[in-house]
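Let me begin by presenting the structure, written as structure tokens, before commenting on it.
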Amino acid sequence: MDKATIKKQSRGLLRIAAFLLALLAALYALSATVFSHDAAQRRGNNYVRSFSYENEAPGTVEVVFIGNSDAYSGISPAVLWKNCGYPAVVCGAAHQSPLFSEMLLKKLYRTQSPAVVVLEMDMLFDGQGKAVTSQKARCPDGPLQRLYRLMLPERLEYALETELSVIEFHNEWQRYFIGFREPMKNNHGYYFSKRVGKVDEAPNFMAPTEDRACLSADRLGMLKDTVDLCRRHGSEVMLVALPCVKYWTMARHNTVADFAEEYDLPFVDFNSNEYEDLIDNDTCYRDEGNHLNYTGAKRVTAALGERLRETYGDRLTDCRGNEAYAAWDGRRRHK
Amino acid sequence: MASYNSFLFLLLYFGGTFVLYSLLPKKYKYLALLAGSWFYYFISTRGNVWALAVTTAVVYGAALWMDAVKARFKKDKATLDKDQRKLRKAADRRKLSLIFGVSATLTVALLLVTKYANFAVETVNSLFGTALANTRIAQPLGVSFYTLEAVSYLYDVKTDRVRATKNPLKLSLFLSFFLTVVEGPIARYDDLGVQLGEGARFDCDRFVRGAERVLWGLFKKVVLADRAAQYASLMFTDFQKYNGAMALLGVLLYTLQLYSEFSGIMDVVCGCGEMMGLTLPENFRQPFFSQSVGEFWSRWHMTLGAWLKEYVFYPLSLSKGFQKLSEKAGARLTPYYAGLAPASIAMFAVWFLCGFWHGAGWKYVAYGLYYYVLMMLGSYTEPLSKRVCDKLGIRRETSKWFHVFRILRTFALVNLGMLIFNAAGLRKAFKMLAFIGTNFFRAVPGKVLLTDFNLRVPDYVVLALATAALIAVSVMRERGVDPRDRFARLPFALRFVLLLFFTLLLIIIGAYGHDYGPVDLIYANF
């Protein structure tokens, strides 16, 4: 290559680098302003609930609940605070996938160091159909499976979404034309609803069976990756299935129970007979057996709080009365 | 599978391969492409690489064997007299045909078994009332594309168009190249294969031009196609809930989706190729400016059309049987029809294969034959329509109105073809067509447009504006103006700002994320 060509190519390379830097700067600037999580919250975007931990002071969260709409409807951190004094957040959004939850936790660990992470299990089956198998659920964990999981297109997509909110909330631009929703209150990720949608006919969805719900190997692998991530950061992990007459089944319970046994994790299923009397089908659901309302959430959170105290009482701190958590006392009520 | 418009593909598969490709010396650049291609294929198929490996091995061995036969003849030529040479030539030709026949049959058999076995089972079951079980063979990624490339390579080696490569890695790269393996374009070895083997040095101007094309392709896919898909996919499933006008809009939007997606992805892969200094064959040339369905197919999926012409139509119509048929027809028919009669038989094979190639289902066969019937109708009535136009005083070559009429007629016929192509079976296609005709103005609340399709008012506005932009660019191209050339003439600072703005716009108004249903690449399934 002659000198002139080298000079031309070098100039071109500099321009390309400048463009990429400008693009990155613009993306970060947009993520910090128009498309920030705060802005999304002000515009009432439900998906911002996933990032509810950002509203808490660094290092203050003791318990993290992570999952899909079942989680943000069924667990109230304010009630948990009132009953047990554990500062907690729910990081969940509609159809939140286990992979997104894993990416979210990775980001959460930069500012928080929760003692316990509670993984809501309906997210595992979201979009997986109702097929069952007689085979015991096993998590394939060879190097190739790990490589396939590492190379899932969604992994990078979610990593970018959690890093650059302009990507996740890009469609907010439409709100300037069709109007904004009601701003969202900071309920530590909980979705407050007093709406009652009673279950007309309760199916016997927890009848004993040896069946297991079919689950892709990737899904179980993602769950295992999340458990490993939490353990690496010193968090205890609990699996929980929240009441859901519509979609939860005994086969799903069995699949999760297999996993919990394999990885030595506590699994609390609020659909099981043990909690038969906890939920009233006439008053505790907001949409005919799919999601809990506030009445249901209060009961489930109280029971879950007890379980947390029993299982991890030595690791969890009752922070009531602690000056650093004064704001929690002020925000106990939802309204 | 990481589709070509995903972050993973663009940043990691392409980005990683590009960096490696740029760093390696020219002689070894193909190894970077090979590593990238194999990695992409292996991960995307989760190790289901056996069919591609077998195809590569068969094609490599057969091509070398054919080359050896020809080389032996060349070597012995001087020692043979004229008669011996003639005999040897005929024997070698038979040998070449046999090697080609066996290897091409093996290659195509792999395609048939992996893609059409279940279709055959279902057809037998429905015809004879049997209950044969479906096979568990998974369709290998890109099998329809690399099989055609493999057959073309074998044929080109047989007919001396290319020399067989001695380097199996280079052949493997040609067949598994990560930019073309999923959706094409269907390339030929003497074009892309040679480029891949040679490699090209990094060039900033070419890189920027390629990147611009990638952005335009992404715009077509993410802003237009994926938005149109939200409406079209639901309409094709549930058209009976709406009215004929909305169903017709569904067909039009499906056409828009398919074109924007397929041509958009072609722009992405060709742009990525350009960034690496490779020129990939073009697949589209403003197809909706076509005046006939024949012209449409010379502008739409051009590499498939070229392949069928080169490797099916010509070999068939130049075969001895067809020559004889042509002579017989010549004795009985006028010269126009005498030429047309044998061609129409070869064309039947072409269009049957074109339809069948697209998918394992009768609707795809019907889709191919639909175009065959249209073309034959056009060709056989050509003298009549010429006479009618002459009588009406329409100057077919110069009249602008007639030109526009023909474009609109072709557009309508293509949309009808798209209806067959996308409907869930032939019966459903006819139902939808009848529904459009009989329920066109049925009362449907206007609000369904905003409640049923994952689309809001701004989405429809973006769809309209982006379609207008697509048409504007197509008009420019049709007039011989390359928008990228125009863009390149702008001052650097302005280009910089415009490109930055366009990239951000793409990210912001793209139809992806929570508010839209996922859209898979249509042609990746073929």
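The values are calculated or read from the model by the stated rules, or taken from the named source; none is laboratory data. As the structure is a computational prediction, the values presented were derived from the model and not from experiment. Counting neighbours? That spans all protein chains shown, and the Cβs are built from the backbone with ideal geometry, glycine included. The protein model used for the area step is the full one, side chains on, heavy atoms only, and it has no ligands, DNA or RNA in it. Shrake-Rupley method; radii C 1.70, N 1.55, O 1.52, S 1.80 Å.
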request  = Identify the single condition in (1) in a loop (DSSP other than H, G, I, E, B); (2) without any contact (Cβ under 8 Å) to a residue 24 or more places away in the chain; (3) within 30 Å of B:Glu295 (Cα to Cα) that B:Ala412 does not satisfy, given that it satisfies every other one.
outcome  = (1)
ask   = Using beta carbons and a limit of 8 Å, which pairs, at least six apart or on different chains, have the first residue in region A:19-43 and over 12 Å from A:Val166 (Cβ atoms) and the second one open to solvent by 40 Å² or more (accessible area, probe 1.4 Å) and charged (D, E, K, R)?
value = A:Arg43/A:Arg175; A:Arg43/A:Arg181
message = Taking the conditions exactly as written (assigned by TED's automatic domain parsing to the domain that holds A:Tyr247 and either surrounded by fewer than 18 Cβ atoms within 10 Å (Cβ to Cβ) or free of Cβ contacts under 8 Å to residues at least 12 places away in the same chain (or both)), does A:Lys82 satisfy them or not?
response = no
request  = Of the numbered conditions (1) farther than 25 Å from A:Leu24 by Cβ; (2) not in a helix (DSSP H, G or I), B:Ala511 fails exactly one; give the number of that condition.
outcome  = (1)
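I'm trying to understand the selection: among the residues of region B:499-526, which are touching a helix residue (DSSP H, G or I) at 6+ places or on another chain (Cβ under 8 Å), farther than 15 Å from A:His170 by Cα and either away from every other protein chain (no Cβ under 14 Å) or surrounded by 14 or more Cβ atoms within 10 Å (Cβ to Cβ) (or both)? Please lay out each step first, then the result.
Initially, region B:499-526 is screened for residues touching a helix residue (DSSP H, G or I) at 6+ places or on another chain (Cβ under 8 Å), giving B:499-500, B:502-504, B:506-517, B:519, B:521-523, B:526.
So of that shortlist, the ones also farther than 15 Å from A:His170 by Cα come out as B:499-500, B:517, B:519, B:521-523, B:526.
Across region B:499-526, the qualifying residues are B:Leu499, B:Leu500, B:Val519, B:Leu521, B:Ile522, B:Tyr523, B:Phe526.
Considering every residue within region B:351-362, establish whether at least one is free of Cβ contacts under 8 Å to residues at least 12 places away in the same chain, surrounded by 13 or more Cβ atoms within 10 Å (Cβ to Cβ) and farther than 22 Å from B:Asp238 by Cβ. Break it down into steps so the answer makes sense when it comes.
So in region B:351-362, the residues free of Cβ contacts under 8 Å to residues at least 12 places away in the same chain come out as none.
No: zero hits.
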In region A:241-280, the residues that are without any contact (Cβ under 8 Å) to a residue 60 or more places away in the chain, open to solvent by 20 Å² or more (accessible area, probe 1.4 Å) and either in a helix (DSSP H, G or I) or outside the structural domain of A:Gly221 (by TED's automatic domain parsing) (or both) = A:Met250, A:His253, A:Ala257, A:Glu261, A:Glu274, A:Tyr275
note = Listed by first then second residue, the pairs whose first member lies in region B:451-479 and is away from chain A (no Cβ under 14 Å), whose partner is buried (at least 16 other Cβ atoms within 10 Å of the Cβ) and of a type in the set (Lys, Arg), with beta carbons under 7 Å and at least 6 positions apart or on separate chains, are B:Leu470/B:Lys220
query = Can you spot a residue in region A:95-108 that is modelled with pLDDT under 95, loosely packed, with under 15 Cβ neighbours inside 10 Å and within 14 Å of chain B (Cβ to nearest Cβ)?
reply = yes
ask   = What pairs come up if the first residue lies in region A:93-120 and is closer than 20 Å to A:Glu236 by Cβ and not assigned by TED's automatic domain parsing to the domain that holds A:Asp314, the second is assigned to a loop (DSSP other than H, G, I, E, B) and open to solvent by less than 10 Å² (accessible area, probe 1.4 Å), and their beta carbons are under 9 Å apart, counting only those six or more places apart or on different chains?
value = none
inquiry  = Residues to consider are A:Ala217, A:Ala213; find the one that is modelled with pLDDT of 90 or more and touching a helix residue (DSSP H, G or I) at 6+ places or on another chain (Cβ under 8 Å).
reply    = A:Ala213
inquiry  = I'm checking my understanding of the structure. Among residues of region A:1-44 that are part of a loop (DSSP other than H, G, I, E, B) and facing chain B (nearest Cβ under 9 Å), which one is most open to solvent (accessible area, probe 1.4 Å)?
reply    = A:Met1
ask   = Would you pick out the residues in region A:287-314 that are loosely packed, with under 14 Cβ neighbours inside 10 Å and either assigned to a helix (DSSP H, G or I) or in contact (Cβ under 8 Å) with a residue 60 or more places away in the chain (or both)?
value = A:Glu306, A:Glu310
ask   = In region B:2-18, which residue that is under 19 Å from the mean Cα position of the chain (by Cα) and open to solvent by 20 Å² or more (accessible area, probe 1.4 Å) is farthest from the other protein chains (Cβ to nearest Cβ)?
value = B:Asn5
note = Inside region B:19-59, the number of residues satisfying the requirement of being in a helix (DSSP H, G or I) and either within 13 Å of chain A (Cβ to nearest Cβ) or within 26 Å of B:Val222 (Cα to Cα) (or both) is 12
inquiry  = When you scan region B:438-445, do you find a residue that is over 30 Å from B:Ala366 (Cβ atoms) and not assigned by TED's automatic domain parsing to the domain that holds B:Leu369, even just one?
reply    = yes
